[in-house]
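A short worksheet on the structure shown next.
Bear in mind these aren't lab numbers, they're just calculated from the coordinates by the rules spelled out. Model, not experiment: these values are computed from the prediction. Don't worry about glycine lacking a Cβ; one is built from the backbone with ideal geometry, like all the others, and counts go over all protein chains shown.
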Amino acid sequence: MEKSYAEYLLNKTTEDYNLIAEHFSSTRSFIWEELKPLSEYTTSGDKILDLGCGNGRLLEIFKDKKIDYWGVDSSENLINIAKNRYPKARFQVANALKLPFPSNFFDKVYSIAVLHHIPSEEFRAKFMEEIKRVLKPKGLLILTVWYLLNQKKILKLLCKYTFLKLTGRSKLDFKDIFYHWKDLEKKIVISRYFHCFTKKELEKIAQNTSFKVKKSWKEGRNPRTNIYLVVKK
């Protein structure tokens, strides 16, 4: 993918989430059951980065632990919602590819459903490198992406964009798609960018960044399944 187009997609993703922030947050008003066990990787006293925090709901899984929590997102509107929901927590707008934190700062980084919105191999590698930079030695990254390849409607989209790519009519990379979000009440329809990951591909990205893979698995409400990855710096 050309870098200029990847940059356009990054900006588009931010604009899209600003546009749908209220509706998106309403669909994520509570923490999903499959995310709750991820708290086991954190102990009281940890300094935690929630990278791509959205409305801040991940805080719910840490409610029984005393942690130093920081939430960042590229969407200003989602950050404002998070601040209103959790006024005592730290939230700020930030670029995931250039985090406003010193090196070796966090014990754990959580990134829930973010990496599949990062376009191009170059920017996905940069995303992982930046996480590695802000993690302390032996720190953990707990990351999820959507597993989209088990859905018929996604496979149809994948065939469509693969054909467009092969015929020179798409600037996307292979396994990239645009997928609609609809807010019928406000008559908003946007096409969000996604990369369709496999578990093996996700593991390879981590290994290429010199992370040590501790665990990876697929789990979720079929067909809405996530790929989970836990890696160590």
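Helical content alone sets the calculated 222 nm signal of the chain at -10000 deg cm²/dmol, taking -39,500 (n - 2.57) per DSSP H segment of four or more residues and averaging over every residue. Once backbone amide H atoms are built at 1.01 Å from N, Val145 has Ala113, Ile227 as its partners under 5 Å, excluding neighbours fewer than 5 places away on the same chain. In the chain, the longest principal axis of the Cα atoms and the axis of helix 199-208 are about 60 degrees apart. Amide H contacts of Lys214: Val230, Val231, Lys232, each under 5 Å away and 5 or more positions distant or on a separate chain (H built 1.01 Å from N in the peptide plane; Pro and chain starts excluded).
Sequentially through region 78-83, phi angles give Karplus couplings (6.51, -1.76, 1.60; θ = phi - 60°) of 5, 4, 5, 5, 4, 4 Hz, Gly and Pro residues having no value and appearing as x. Between Lys165 and Asn104, full extension at 0.36 nm per residue minus the direct alpha carbon distance yields a gain of 17.9 nm.
In this structure, Arg221 and Ile188 have a Cβ-Cβ separation that, at R0 = 22 Å, corresponds to a calculated FRET efficiency of about 0.30. In sequence order, region 48-62 has phi-based couplings of 10, 10, 9, 8, x, 6, x, 8, x, 5, 4, 3, 4, 6, 9 Hz under the Karplus curve 6.51 cos²θ - 1.76 cosθ + 1.60, θ = phi - 60°, and Gly or Pro positions carry x. Between Asn11 and Ala125, the simple spin-label model (points 7 angstrom out along Cα→Cβ) gives 2.4 nm.
Between the helical axis of 121-134 and the longest alpha-carbon principal axis of the chain there is an angle of about 0 degrees. Fraction of C-alpha pairs exceeding 32 angstrom in the chain: 15 percent, rounded to a whole number.
Using only Cα atoms, tell me the angle between helix 152-166 and the longest principal axis of the chain; keep it within 0 to 90° and round to the nearest 10. Tilt of helix 152-166: around 60 degrees. Between Lys153 and Asp173, full extension at 0.36 nm per residue minus the direct alpha carbon distance yields a gain of 5.3 nm. For a label point 7 angstrom out from the Cα of Met1 toward its Cβ, which stretches of region 128-163 have the backbone nitrogen within less than 15 Å? So the set is 128, 146, 158, 161-162. Excluding same-chain neighbours fewer than eight residues apart, the lysines reachable from Lys65 by a Cα-Cα span under 18 Å are Lys36, Lys47, Lys88, Lys108.
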